[in-house]
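*Asks:* Could you have a look at this structure, given as structure tokens, before my questions?
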Amino acid sequence: MSRVAALLLVLLVAAPAARTSTTRTAVKVLVRTKTPIAAFAQNAVSVAWGVERAKGCKAALHIRLLATGRERVVYAPRCYDYPFYEPQLVGLAGGRALWLAGDTVSHWGDDTYLLVAGAGATRAHQLAYVPQQWGGGEWVTAIASDGATLAYGFVNSGCNENEGTCDKYPITGAAFTLAGTTRKAVPQSGPPLDIAVGGNRIALLPARQSGNVADQWSIPPADDPLVVRNLATGSLVVQIPPAGGSFREVALSRNTVAAFAERSDGLHVERYNASSGRLVDSTLVPANSSDLSLAGARAVFRSGRKIELIAAGSTTVTTIAVAAAEPIALSVSGNRVAWAENRPGAGRIVAAVL
């Protein structure tokens, strides 16, 4: 879940109960830490987690190969007030890592920095400076990865509330991919509220200015379509309208695209064919659902501490596990569902196999 998506939870209305069942799946602890975990990400072969240590600014991102247990520690280029600015905004692909760090400037905003570490590197470097300000500024809205692809969404909200309106300050931005540690804009991507990557495609939820209230752009535009494009060329694969509501959060696999769709009757997980845009099914889910991911056509998300699954061809929400504490950065890689959770003075990474 991106920072933006977390803010949007307060906008949801209570939805009627979904059709549910419980099938507990055995969980396995992959990593135990002696300090709380501040960030988490995974890919097919590795898990990455960030820990914050106040003394000596020794905040670090740990990357562990699951097959061998071999671990690499990556340090930031300098001290930051928030070395892992958003727990959800971490990406891991091909041995490379991408995350956001920040410093507090004042109550008007924060200075944040996009950090990237190449494969094998033990020190990250600052890829971009992203000044986030109340009422306007630049924002990293999402980080996504699949296979060797590492991408992020960037929005520049040039609103000045002293002018009385934001309408004449249209936002700009794009989705970017990383080749090594060099970024490249996805052609025609536009400013994205959320992104997901799968194979050679990227799914985007659009962002736009929608009023003169601070950060009003972060509200998903009603009736704006979800868009799937080719990663390299930006050519349009398909665009999907939200059918009378708005999308928030998007997930993408090779053949399926899914999104949370917010409508007057509640929150739904909707799955579509990623090539044709045909609606496959729509499932009513709890209003506090977040962290949507796909394992093939199977949708995985969380509702509070519950880890939920909607199987392919089904509209039943099945609880497969219950986290011991609030899950951090729930995600899917292949058939592995994993998340981080903290207990007093310690953390752990937990996984369940679908």
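*Asks:* Could you tell me the relative contact order of region 3-353? Use alpha-carbon pairs under 8 Å, at least six residues apart, and round to a whole percent. Intermediate results must be reported in sequence, preceding the final value.
*Replies:* On the way: 993 pairs, mean separation 59.6, N = 351.
In percent, rounded to a whole number, it is 17.
*Asks:* Output the antiparallel fraction of DSSP beta bridges having both residues in the chain, as a percent to the nearest 5.
*Replies:* Working: 125 of 129 bridges.
Rounded to the nearest five, the antiparallel share is 95 percent.
*Asks:* Nearest 500 deg cm²/dmol is fine: what mean residue ellipticity at 222 nm does the chain get from its DSSP H runs of n ≥ 4 alone, each adding -39,500 (n - 2.57), divided by its residue count?
*Replies:* On the way: 1 runs with 6 residues, N = 354.
Value at 222 nm, helices only, nearest 500: -500 deg cm²/dmol.
*Asks:* For the chain, please report how many Lys pairs fall under 29 Å Cα to Cα, leaving out neighbours fewer than 8 apart on the same chain.
*Replies:* Taking the Cα cut-off of 29 Å, the pair count is 6.
*Asks:* Can you give me the distance in nm between label points at Ser276 and Thr25, each placed 7 Å from the Cα along the Cα-to-Cβ direction?
*Replies:* So the label points at Ser276 and Thr25 sit 2.8 nm apart.
*Asks:* Sort the following peptides by mean Cβ neighbour count (other Cβ atoms within 10 Å, averaged over residues), highest first: 78-86, 230-238, 143-151. Intermediate results must be reported in sequence, preceding the final value.
*Replies:* On the way: 78-86: 19.1, 230-238: 14.9, 143-151: 21.8.
Per-residue mean Cβ counts within 10 Å order the peptides as 143-151, 78-86, 230-238.
*Asks:* Provide the FRET efficiency to the nearest 0.05 for the Cys57-Ala148 pair, computing r from the beta carbons and using R0 = 22 Å. Each step should come with its number before you reach the end.
*Replies:* Details: r = 31 Å, r/R0 = 1.42.
Efficiency, rounded to the nearest 0.05: 0.10.
*Asks:* Let me ask you something else. Please give the charge dipole size of region 3-353, origin at the Cα centre, charges +1 on K and R Cβ atoms and -1 on D and E Cβ atoms. Round to the nearest 20 debye. Don't skip to the end; give the middle numbers.
*Replies:* Values: 33 positive and 25 negative charges, 342 e Å.
Dipole magnitude for region 3-353 comes out near 1640 debye.
*Asks:* For Gly91, what charge total do you get from the other residues with a beta carbon under 13 Å from its beta carbon, if Lys and Arg give +1 and Asp and Glu give -1?
*Replies:* Details: positive: Arg96, Arg183; negative: Glu86, Asp146.
With Lys, Arg at +1 and Asp, Glu at -1, the net is 0.
*Asks:* Can you compute the FRET efficiency between Ser314 and Ser264 using 1/(1 + (r/R0)^6), with r the Cβ-Cβ distance and R0 = 30 Å? Round to the nearest 0.05. List each step's numbers first, then the result.
*Replies:* On the way: r = 24 Å, r/R0 = 0.82.
E between Ser314 and Ser264, to the nearest 0.05, is 0.75.
*Asks:* Once you list every other residue whose beta carbon is under 9 Å from the beta carbon of Leu330, what net charge do they have if Lys and Arg are +1 and Asp and Glu are -1? Let's see the in-between values first.
*Replies:* Working: positive: Arg302; negative: Asp291.
Here the count lands on 0.
*Asks:* How much net charge surrounds Gly296 when only other residues with a Cβ under 11 Å from its Cβ are counted (Lys, Arg +1; Asp, Glu -1)?
*Replies:* Details: positive: Arg254, Arg271, Arg298; negative: none.
Cβ neighbours under 11 Å give a net charge of +3.
*Asks:* Suppose R0 equals 56 Å. What FRET efficiency, 1/(1 + (r/R0)^6) with r the Cβ-Cβ distance, do Arg343 and Ser235 give to the nearest 0.05?
*Replies:* Values: r = 48 Å, r/R0 = 0.85.
So, using R0 = 56 Å, E works out to roughly 0.75.
Rule-based calculations on the coordinates, nothing more; no lab input. Computed from a predicted structure; not experimentally measured. Because the Cβ atoms are built from the backbone with ideal geometry, glycine has one as well, and the counts that use them run over all protein chains shown.
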